[in-house]
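The values are calculated or read from the model by the stated rules, or taken from the named source; none is laboratory data. This is a predicted model, so every value here is computed, not measured. Cβ placement follows ideal geometry from the backbone for every residue including glycine, while neighbour counts extend to all protein chains displayed.
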Amino acid sequence: MTVVLDGTPERVGGSFGPLVRRVRAAGLLERRRGYYVRSVGLNVAGTVGLWTGVGLLGAAGGGAAWGAVALGVPLAVVSARTAFLGHDAGHRQIARSPRVNRFLGLVFGNLMVGMGHGWWTDKHNRHHANPNHVGKDPDVGEGVLAWTRGQASGRRGAGGWLVRHQAGLFFPLLLLEGVNLKVGSALFLRGRPRRQRWVEGALLVAHLAAYAGLVFGLLPVAQAVALVAVHQALFGLHLGASFAHNHKGMEMPGEGDRWDHLRRQVLTSRNVRGGRVADYVFGGLNYQIEHHLFPSAARPNLRRLQPLVREHCAREGLPYTEAGALESYRIALGHLRSVGAEG
């Protein structure tokens, strides 16, 4: 069964087919151009406004220049909004044309936040195809943290200590995620086709040059370094915290499991309650079940999709998992703690 739902041929049947037909009949797979025009406009205006504020405070000098460092907090929030727009473009939620979505992904990702669109798309698509499946989902692959007891067992020295304490270190490590995204994006380009290397690489360099030019051109060195540290650390924390708790502590299919699309996405995903506040903070990713079932559904349609999906899961006898934000983090950290105890 092929399930893409982004304009490419899709063959859906079984328990998922009836839901697809209801969702399509309700118009919930249609693009939301007005929403995205407003979102992009506000995002660009917010970015320009905050950097203007940095410049004004830097020009004032003295203590005011240190005040500019505090703008790293809203800059991190706006940068996360930009990354969410890049995420939506990567899923072809914004425009009908794949070319336009790719262009938007390059602008929001490579140029505005320094996160490679190609790197993210490759990694994220593999995650969507096989969520929480060790060996197939890169988000639970072997790395600094251990997601399974098999990954944790046998680690010695600093690696073993880190795994044993990984639950407590999880959020502090997310402070480095902003830098990790940029490094991963650059490394991904090695061995890629020449055109991709030149286009994406040039945009990543342009981002770095513009960012360094702005921060060091507008502020004295000490304040500039402090602003970069605050901005990048909180950007990584915000973005990582929005993605990290949606699957951790949920089902992890084994090598012999053969789940259909509906079960593969629903059983491995957890929604986060919180209304409009959660919608904004998590960029729509709080509707993780709906997003995984219909990845090309525009972000504002996910709220309207939820009752249809919940009703369908009840009819199929599938558990529909939803928790508050704090509870969701507690479950995710509990999973890390349990795995780490094996290290």
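List the helices (runs of 4 or more DSSP H) inside the range 243-317, counting only whole elements, that have at least 1 residues being touching a Cys at 6+ places or on another chain (Cβ under 9 Å), without any contact (Cβ under 8 Å) to a residue 40 or more places away in the chain and within 23 Å of TRP120 (Cα to Cα).
288-293
Please enumerate the residues belonging to the range 24-50 that are of a type in the set (Phe, Trp, Tyr) and surrounded by 17 or more Cβ atoms within 10 Å (Cβ to Cβ).
Correct list: TYR36 only.
Within the range 318-343, track down each residue that is part of a loop (DSSP other than H, G, I, E, B), closer than 17 Å to MET250 by Cβ and not polar (S, T, N, Q).
LEU318, PRO319, TYR320, GLY324
Give the residues of the range 296-343 that are of a type in the set (A, V, I, L, M, F, W, C), more than 24 Å from the chain's Cα centre (by Cα) and at pLDDT below 95, sorted by residue number.
Residue satisfying the conditions is ALA341 alone.
Return the residues of the range 152-191 that are assigned to a loop (DSSP other than H, G, I, E, B) and buried (at least 16 other Cβ atoms within 10 Å of the Cβ); say none if nothing qualifies.
ARG155, LEU175, LEU176, LEU189
If ALA209 satisfies every condition in (1) at pLDDT 95 or above; (2) surrounded by 13 or more Cβ atoms within 10 Å (Cβ to Cβ); (3) of a type in the set (Gly, Ala, Ser) but one, which is the exception?
(2)
Look at SER242 and say whether it is among the small types (Gly, Ala, Ser), closer than 22 Å to VAL179 by Cβ, under 22 Å from the mean Cα position of the chain (by Cα) and crowded, with 19+ Cβ neighbours inside 10 Å.
In short, yes.
Could you check the range 258-307 and list, in sequence order, the residues that are surrounded by fewer than 17 Cβ atoms within 10 Å (Cβ to Cβ), touching a strand residue (DSSP E or B) at 6+ places or on another chain (Cβ under 9 Å) and of a type in the set (Asp, Glu)?
Those that are surrounded by fewer than 17 Cβ atoms within 10 Å (Cβ to Cβ), touching a strand residue (DSSP E or B) at 6+ places or on another chain (Cβ under 9 Å) and of a type in the set (Asp, Glu): none in the range 258-307.
Could you say which residue among GLY105, GLY141 is under 29 Å from HIS231 (Cβ atoms), surrounded by 20 or more Cβ atoms within 10 Å (Cβ to Cβ) and either basic (Lys, Arg) or free of Cβ contacts under 8 Å to residues at least 60 places away in the same chain (or both)?
On inspection, the qualifying residue turns out to be GLY105.
Could you pull out the residue among ASP260, ASP279 that is closer than 23 Å to ALA95 by Cα and of a type outside the set (A, V, I, L, M)?
After ruling out the rest, the residue left standing is ASP279.
Across the range 114-142, what is the number of residues that are aliphatic (A, V, I, L, M) and within 13 Å of the chain's Cα centre (by Cα)?
1
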